[in-house]
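Asker: Encoded as structure tokens, here's the structure I'll be asking about.
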Amino acid sequence: MSPGGKTRGLSRLAQENVVCAALLVIFAGVVWLTQDFGPRARMIPLPLAITGIVLTVIQLLWQNLRSTDELQMDLVAVAERRALAVDEGAGAAGSAPAPSAKDSLWRRELRAYGIVAALIGLVLAIGVIPAVFVFTAAYFVLTRHYTWLAGLVYTSVFTALVYLLFIAALQIQPYHGLLEPLVERFR
Amino acid sequence: MLEAIVAGLVALLTPQALLFMLIGVVYGLVIGILPGLGGVVAMALLLPFTYGFEPAATLALLLGAHIATIWGDSVTSILFSVPGSAKGLALCFDGYPMTKQGKARRALAASATGALMGGVIGAIFLALCIPLIRPVILALGPSEYLMMALWGLTVIATFSEGSLMKGLIASLLGVLVAFIGTDVVTATPRFTFGTEFLMDGISFPVAMIGLFAVSEMMKLAIRGTPIVDRTLVEEVSTVWQGIGDAFTHWWLVVRSSFLGLWIGVLPGVGASVAGLAAYAQAAQTSKTPELFGKGAVEGVIAPDATMGANEGGGLMPTLAFGIPGGESMALLLVAFIGLGIVPGPDMLTKHLDLVFSMVWIVVIANIVVTLIGLGITPWLARLPALQANLMVPMVLSVCAVGAYAVRGRIEDLLIAAAFGVVGYLMDKYRYSRANLVIGMVLATMIERNLHISLTLHGNDFLLDRPIALALLVFVILTSALPFLRSWHRRRKALHAKGAPA
């Protein structure tokens, strides 16, 4: 992020405006949906949604009428600056910069969304407990933080603990995943 | 009465009762730490195992587990900003910043000691107030509950992190999220888009898992460094500092405990509101309100003291009238029925020894939890220094299983993920996640009580209910107080600048 609050893609102000636009769509959607409700059912949601629209418009105007520097910077950007500063110091001392500092923020954000999506996808496909094992093992392997043996040991112990706590002790019926019928066919 | 106090203690001092309490406490601590699972789940899962034992042992197991979950919730809020349930939310605001400043031991110890002091105060007042509280509860109706819920909304300004407008928008969103599902008053399905799953509404623990746990792990994955990098921030605090903090702020503990007792006595208000209200009153009455949200130890002590005392308060209407103060107390009622005990006025005459057994359980269980808590604090304080590459997959996995476990519905996993993304974006663009949660907590209470008030007393219900009117004045005054203080401080600063040297 540049000192003026601009990233390589959208500026901070543009991002804030996109958020406000999304909020306006949500509040307007609520107003539209409440038209199907009875007077008592919409007694509170309708005025609240209208208030939401008014507040969002005020926020939108306010953030566009003041200087960009006044917009609050997000923590991740601050953390990124700090990481870069630390890495510059470390680089001067002769060590290689951390891999995370090389990537741009949006790439790391995209990776974080991907991590969550991967976990959800795995649970939906193969069920809760196998997904915990596969996800954790894959994370350890892909980040290369541990050797594959250490990663496998940690993953196995962790999955066993999750199983013991949630399934054995708390008697929660596990979800078996969308692929269960396929597995059953080969049994 | 003295005989009943002694008999209540003697019934507890059997090996079976003490063992049951210890099992309950350890089990409760584990459940409390797991995301999404709180005291209600802990008690519900224990219920089938309680039949056929002595009443004191059964209650020691159930109440011990329930009390332990309170501190278990606080642990993850303080260390990872991941509240185990709604109750632990208020602990995130100052506990987590303390952890990041290398004061995790102090925060955990202050939290455990605050909860113990609150629990003891709650138990003492439970013993003293049972005969006195009946007329007070009967004097309050939906209009007064509505005002108390509105008072809860006054904390929004406290959590708005510099932008009141964004804070208000976040709380409005929270209220609207709470309206998803079947309307409790008119039975109208609202914002369900025809899906059967959304008819039950958004599960509160699932939303919390997403908003806080998933989004925090996303932040950690993006940053790639531990929550606390020990090469940059060393652990500088001790357990004794935290214990000392709780005693130094004894007046805050007493005030917060009374607040917890009061909220506990009111049926249906709940400990999640208690924690937030305690945090707000601590911030509003502090001499250094500017430190709140940045690692003020008062912000840790107050919610824990309130939640500790809340249990004693919750027991009052449950025992005296058979009206449960919350979900966990409703489960306790089920246990009473299993034991052949009918709560109500008879409890204060025929089963007074059992009532005092429960008072003793609250005291002893709190002491056991605090001793265990203080003992394991040095080890717990090391957890935030774990590598992000270890934390992210493990915590996300537990979140996924926890979100599914809340209702046993896979759709909740999608809800948790969606709230995770929303939570991350809200944090990035400074829309307070806390305000969204406050909106969610108070929405149903406000809507239900407003409808009932209008039906019972008409549009001028405030004129019919003087207590509600007095509470409304109180709400306005406490809302204005932070602004007045800030204005006064600015004026003083201006005067000081303008004064000749």
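The values are calculated or read from the model by the stated rules, or taken from the named source; none is laboratory data. As the structure is a computational prediction, the values presented were derived from the model and not from experiment. All Cβ positions, glycine included, derive from the backbone under ideal geometry; neighbour counts span all protein chains shown.
Asker: If only one of B:LEU390, B:LEU477, B:LEU414 is more than 23 Å from A:ALA131 (Cα to Cα) and more than 22 Å from the chain's Cα centre (by Cα), which one is it?
Answerer: Values: B:LEU390 fails: more than 23 Å from A:ALA131 (Cα to Cα); B:LEU414 fails: more than 23 Å from A:ALA131 (Cα to Cα).
Only one candidate passes the filter, namely B:LEU477.
Asker: What do you reckon, is A:GLN63 within 27 Å of B:ALA418 (Cα to Cα), modelled with pLDDT of 90 or more and out of contact with any Phe, Trp or Tyr (no Cβ under 9 Å at 6 or more places or on another chain)? Show your work before the answer.
Answerer: Numbers: within 27 Å of B:ALA418 (Cα to Cα): yes; modelled with pLDDT of 90 or more: no; out of contact with any Phe, Trp or Tyr (no Cβ under 9 Å at 6 or more places or on another chain): yes.
Judged against the criteria, A:GLN63 is not a match.
Asker: A further question follows. Mind listing whichever residues of the range A:171-187 are surrounded by fewer than 16 Cβ atoms within 10 Å (Cβ to Cβ) and without any contact (Cβ under 8 Å) to a residue 40 or more places away in the chain?
Answerer: If the condition is that a residue be surrounded by fewer than 16 Cβ atoms within 10 Å (Cβ to Cβ) and without any contact (Cβ under 8 Å) to a residue 40 or more places away in the chain, then A:GLN171, A:GLN173, A:PRO181, A:LEU182, A:VAL183, A:GLU184, A:ARG185, A:PHE186, A:ARG187 are the ones that fit.
Asker: Next up: Can you name the number of the only condition in (1) within 25 Å of B:LEU168 (Cβ to Cβ); (2) at pLDDT 50 or above that A:ASP74 fails?
Answerer: All conditions pass for A:ASP74, except number (2).
Asker: Could you check the range B:417-427 and list, in sequence order, the residues that are over 17 Å from B:ALA405 (Cβ atoms), buried (at least 20 other Cβ atoms within 10 Å of the Cβ) and either under 22 Å from the mean Cα position of the chain (by Cα) or at the interface with another protein chain (Cβ under 10 Å from one of its Cβ atoms) (or both)? Spell out the reasoning first.
Answerer: If we filter the range B:417-427 for residues that are over 17 Å from B:ALA405 (Cβ atoms), which is where we start, we get B:418, B:421-427.
If we keep only those that are buried (at least 20 other Cβ atoms within 10 Å of the Cβ) as well, we get B:422-424, B:426-427.
Result: B:GLY423, B:TYR424, B:MET426, B:ASP427.
Asker: Filter the range B:74-117 for residues that are closer than 24 Å to B:SER432 by Cβ and either polar (S, T, N, Q) or touching a strand residue (DSSP E or B) at 6+ places or on another chain (Cβ under 8 Å) (or both) and give the result.
Answerer: B:SER74, B:THR76, B:SER77, B:SER81, B:SER85, B:THR99, B:GLN101, B:SER111 - these are the residues of the range B:74-117 that are closer than 24 Å to B:SER432 by Cβ and either polar (S, T, N, Q) or touching a strand residue (DSSP E or B) at 6+ places or on another chain (Cβ under 8 Å) (or both).
Asker: A further question follows. How many of the residues in the range B:396-415 are crowded, with 22+ Cβ neighbours inside 10 Å and under 25 Å from A:SER156 (Cβ atoms)?
Answerer: Final tally of qualifying residues: 11.
Asker: Next up: Quick check: is even one residue across the range A:25-39 modelled with pLDDT of 90 or more, at the interface with chain B (Cβ under 10 Å from one of its Cβ atoms) and either touching a Leu at 6+ places or on another chain (Cβ under 7 Å) or over 30 Å from B:VAL184 (Cα atoms) (or both)?
Answerer: Yes, the range A:25-39 contains a residue that is modelled with pLDDT of 90 or more, at the interface with chain B (Cβ under 10 Å from one of its Cβ atoms) and either touching a Leu at 6+ places or on another chain (Cβ under 7 Å) or over 30 Å from B:VAL184 (Cα atoms) (or both).
Asker: Taking the stated definitions as given, is B:GLY270 of a type outside the set (A, V, I, L, M) and modelled with pLDDT of 80 or more? Let's see the steps before the verdict.
Answerer: On the way: of a type outside the set (A, V, I, L, M): yes; modelled with pLDDT of 80 or more: no.
For B:GLY270, the condition - of a type outside the set (A, V, I, L, M) and modelled with pLDDT of 80 or more - is not met.
Asker: Exactly one of these conditions fails for A:ALA49: (1) within 16 Å of B:GLU447 (Cβ to Cβ); (2) more than 9 Å from chain B (Cβ to nearest Cβ). Give me its number.
Answerer: (2)
Asker: Which members of the range B:171-191 meet the condition of being closer than 12 Å to A:PHE37 by Cα and in a loop (DSSP other than H, G, I, E, B)?
Answerer: Matches in the range B:171-191: B:ASP183, B:THR186, B:ALA187, B:THR188, B:PHE191.
Asker: Count, please, the residues in the range B:428-449 that happen to be in a helix (DSSP H, G or I), touching a residue at least 12 places away in the same chain (Cβ under 8 Å) and facing chain A (nearest Cβ under 7 Å).
Answerer: Number satisfying all stated conditions: 1.
Asker: Restricting to the range B:166-183, count the residues that are over 24 Å from A:GLN63 (Cα atoms), more than 7 Å from every other protein chain (Cβ to nearest Cβ) and out of contact with any Pro (no Cβ under 6 Å at 6 or more places or on another chain).
Answerer: Of the residues in that region, 4 qualify.
Asker: State yes or no: is B:SER257 in contact with a helix residue (DSSP H, G or I) (Cβ under 7 Å, 6 or more places away or on another chain), hydroxyl-bearing (Ser, Thr, Tyr) and either assigned to a loop (DSSP other than H, G, I, E, B) or more than 29 Å from B:GLY119 (Cα to Cα) (or both)?
Answerer: Values: in contact with a helix residue (DSSP H, G or I) (Cβ under 7 Å, 6 or more places away or on another chain): yes; hydroxyl-bearing (Ser, Thr, Tyr): yes; either assigned to a loop (DSSP other than H, G, I, E, B) or more than 29 Å from B:GLY119 (Cα to Cα) (or both): no.
Considered against the rule, which asks whether it is in contact with a helix residue (DSSP H, G or I) (Cβ under 7 Å, 6 or more places away or on another chain), hydroxyl-bearing (Ser, Thr, Tyr) and either assigned to a loop (DSSP other than H, G, I, E, B) or more than 29 Å from B:GLY119 (Cα to Cα) (or both), B:SER257 comes out as no.
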